[in-house]
Amino acid sequence: MNPMVRRAATILAASALGVLAFAAPASAHVTIAPVEAEAGSYARLDFRVPNESDEASTIEVEVNLPKETPLASVRTKKIDGWKVETKTRKLDKPIDLHGRKVKEAIGTIIWTADSDKTGIQPGEFGEFPITAGPLPDKGTLVFKTIQTYSDKSKSEWIDEPNEDGSEPEEPAPTLKITPAKGGGHHGGTTTGDDDDADDADDHADDEDEAAGSGTTILAAVGTGLAAIALVVAVLAFLARQRGSAAKP
């Protein structure tokens, strides 16, 4: 086999595998998208729930909002085939929301599938969006989540981040608060939570479209590299076969 052909085949194959591996899901636990949001802003948060069972469907997702940093405004979005229930809790200290004292806040959100068929099936994942705010000035918000399957088994994603930065065994979804850039509702100077929540929802939809396009391009590049590697390998095999046939 020609050394140049062998080297090209090796490089292309490794590149294809690297791109495809990068495009694959990094983990199978419940996560939040985005993973960061600005202090003082109203953000759309998508809880992404993969189904890890080979036989049962996910029929319930319970998200517990952080108690230490209650969120004054939380709204859910209708999802076909699912019901949503929110549970409020009284606050030890009222929150000031644009001059209005908020004494209760949503503490738990529970999505329940209408049936096993409308739940998240094996090999699939579901998205459960909310808008929430205003976000605190700093820190990391932890949303402890419990996932229930149709066979009554549960996955409890409730472990808080480790101090050394390593991932715990059953990590809870987390949202890192970044400094506000200033100006507009992202800087915390808001005039109405309804408008801000709508803006957050629209902005997240735009980001989802951009992320979808990026994922499609990445997948196409990976597929193309894999195809090139395959062609080079086939040509090398044929060349080797011709060389063998030419020998007496």
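The values are calculated or read from the model by the stated rules, or taken from the named source; none is laboratory data. Treat the numbers as computed from the prediction; the structure is a model and nothing was measured. When we count neighbours, we look across all protein chains shown, and the Cβ atoms used for this are built from the backbone with ideal geometry, even at glycine. Note: areas computed on protein heavy atoms with side chains; ligands, DNA, RNA excluded. Shrake-Rupley method; radii C 1.70, N 1.55, O 1.52, S 1.80 Å.
Is it the case that region 176-185 has a residue that's touching a strand residue (DSSP E or B) at 6+ places or on another chain (Cβ under 6 Å), within 22 Å of ASP137 (Cβ to Cβ) and at pLDDT 95 or above? Yes, region 176-185 has at least one match. Of all residues in region 117-127, which are in contact (Cβ under 8 Å) with a residue 60 or more places away in the chain and open to solvent by 20 Å² or more (accessible area, probe 1.4 Å)? Hits for region 117-127 are LYS117, GLN121, PRO122, GLY123, GLU124, PHE125, GLU127. Note on region 139-172: among residues that are within 16 Å of ASN64 (Cα to Cα) and basic (Lys, Arg), the one that is most open to solvent (accessible area, probe 1.4 Å) is LYS154.
Any chance you could count how many residues in region 26-43 are of a type in the set (Gly, Ala, Ser) and either farther than 24 Å from VAL84 by Cβ or open to solvent by 30 Å² or more (accessible area, probe 1.4 Å) (or both)? Steps first, please.
Narrowing region 26-43 to residues of a type in the set (Gly, Ala, Ser): 26-28, 33, 37, 39-41, 43.
Right, trim to either farther than 24 Å from VAL84 by Cβ or open to solvent by 30 Å² or more (accessible area, probe 1.4 Å) (or both) and you get 26-28, 39-40.
Looking only at that region, the number is 5.
Listed here are the residues, each with its yes/no results for (1) in contact with a Leu (Cβ under 7 Å, 6 or more places away or on another chain); (2) surrounded by fewer than 18 Cβ atoms within 10 Å (Cβ to Cβ); (3) at pLDDT 95 or above.
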residue	(1), (2), (3)
LEU45	yes, no, yes
ARG48	no, yes, yes
ALA56	no, no, yes
VAL61	no, no, yes
GLU68	no, yes, no
ILE79	no, yes, yes
ASP92	no, yes, no
ILE95	no, yes, no
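Criterion first (part of a loop (DSSP other than H, G, I, E, B) and under 18 Å from TYR42 (Cα atoms)) does THR69 satisfy it? Write out each step before concluding.
Working: part of a loop (DSSP other than H, G, I, E, B): yes; under 18 Å from TYR42 (Cα atoms): yes.
Against the criterion (part of a loop (DSSP other than H, G, I, E, B) and under 18 Å from TYR42 (Cα atoms)), THR69 qualifies.
Restricting ALA132, ALA204 to those that are within 22 Å of the chain's Cα centre (by Cα), among the hydrophobic types (A, V, I, L, M, F, W, C) and at pLDDT below 90 reduces the list to ALA204. Does PRO136 fit the bill of being in contact (Cβ under 8 Å) with a residue 60 or more places away in the chain and surrounded by 14 or more Cβ atoms within 10 Å (Cβ to Cβ)? Yes; evaluated as a whole, the condition is true for this residue.
Each row is one residue, and each column tells you yes or no for (1) of a type in the set (Val, Ile, Thr); (2) under 28 Å from LYS78 (Cβ atoms); (3) within 16 Å of the chain's Cα centre (by Cα).
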{"residue": "HIS98", "(1), (2), (3)": "no, yes, no"}
{"residue": "VAL102", "(1), (2), (3)": "yes, yes, no"}
{"residue": "GLY119", "(1), (2), (3)": "no, yes, no"}
{"residue": "ASP137", "(1), (2), (3)": "no, no, no"}
{"residue": "TYR149", "(1), (2), (3)": "no, yes, no"}
{"residue": "SER155", "(1), (2), (3)": "no, yes, no"}
{"residue": "GLU163", "(1), (2), (3)": "no, no, no"}
{"residue": "THR174", "(1), (2), (3)": "yes, yes, yes"}
